[in-house]
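Below is one structure, written out as structure tokens; comments come after it.
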Amino acid sequence: MYYPYFRGKQYELITIRETARIFASQSFIPIIEPVKEQLTGLKKTLEAICAVDAQAIVLINPQLGDHKSNGEEICFLLSNEFKSSPNIIKGVLLTEDLSSEDAHYLLKTNDENGELALIHAGFSEAKDLAAKIIDQKNISTSIFLEDYCGKLYRRHFKGHKKRILIRDGFQHRSRNADHPPVEFFSDLHVTFNDEAMDGFGDFLIVGDEYSETGGPAYTIAIHLTFIDHDKDDEMHIHHFKSDRQDTPKDPAGKFAEALNKLIAELKKPKNKIRETSAIKEFRSLHSTVTWSSFLIPLS
């Protein structure tokens, strides 16, 4: 039902490995777009997925990162290490620069009796491709990135067994300091059936925007989603920000400031944050770290 979209950087892959059992127990299926040349981390992650009998979709033609011009190494890894595994599904990313002939070729050359998934991300020849693959029975999943796929486009693939809608709920801002304390994230988890979909997904609290570079943050922020039962079960997001925002110095201390605000929210009797394993980890961090004198005292 839930298909979170990950870019395959180191920490994203570690996240999937460490939460593989949760994915398995809840039938979550991560979508992984490998962006780093070295595939050792991806292999370890897929092995962890298989070990708990979960599933994952791996893009064989990434649009971003080190494999964006050639996905042969990804195909080689999947075909040789996971060929007999029903847990790993090859995904073909359909973008605006891909013709129906190119897409059909990718699908046919990776037809190895395993399941294939289509990830629709700006492709413009839906009608033609749908006609070409009508007899290719192992293509059972269509995943639509909402910003690129209108309802007319989606109609061409309505025969697929699983139709998933991915929505980017994270509001991108140039600086962490510009985030409000709380804002709307998504309602797709309660409305995907209204969209004639079988499941939903998002880009988590990272968002669809991708960057291969980065630098020290002036403001440290902890982004935390929660369900608001007073607003028809909409999902909202807390942005707990550090107090100091004028220099990139002392990121650890700034994280402590942000974490202190999260803990203060948890102490409120009517807070709406679910007590997940992540929250338990935040509590553990807060209780075991020796806090600096600048932290706001909790009442």
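All of the numbers you see were taken from the coordinates with simple rules; none came from a lab. Being a predicted model, the structure only gives us computed values, none of them experimental. Methodologically, a virtual Cβ is constructed for each residue, glycine included, from the backbone with ideal geometry; neighbour enumeration extends over all protein chains shown.
Listing for the model above:
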{"quantity": "Charge sum, other residues only, whose C-beta stays under 15 Å from Gln55's C-beta, Lys/Arg counted +1 and Asp/Glu -1", "calculated": "+1"}
{"quantity": "Projected label distance in nm at Lys108 and Glu275, using a 7 Å step from Cα toward the beta-carbon", "calculated": "5.8 nm"}
{"quantity": "Theoretical ellipticity at 222 nm over the chain - DSSP helices of four or more residues, -39500 (n - 2.57) apiece, nearest 500", "calculated": "-9000 deg cm²/dmol"}
{"quantity": "Efficiency of FRET from Cβ geometry, Asp194 and Tyr148, R₀ 22 Å, rounded to 0.05", "calculated": "0.65"}
{"quantity": "Approximate spin-label separation Leu266-Val52, in nm, with each point projected 7 Å along Cα-to-Cβ", "calculated": "2.1 nm"}
{"quantity": "For the chain, Kirkwood radius (reciprocal of mean inverse C-alpha pair distance, Å)", "calculated": "20.9 Å"}
{"quantity": "Most to least packed among 76-82, 4-10 [average Cβ atoms within 10 Å]", "calculated": "4-10, 76-82"}
{"quantity": "Distance in nm between pseudo-label sites at Leu285 and Asp246 (7 Å out along the Cβ direction from Cα)", "calculated": "2.6 nm"}
{"quantity": "Cross-link reach list, lysines versus Lys9, counting only Cα pairs under 16 Å and skipping chain neighbours closer than eight places", "calculated": "Lys36, Lys43, Lys44, Lys68"}
{"quantity": "Viscosity 0.890 mPa s, 25 °C: Kirkwood-radius Stokes-Einstein D of segment 5-166 over Cα pairs, µm²/s", "calculated": "155 µm²/s"}
{"quantity": "Cleavage-rule hits (GluC sites (Glu not before Pro)) in segment 1-75: DSSP loop, at most 13 neighbouring Cβ within 10 angstrom", "calculated": "Glu37"}
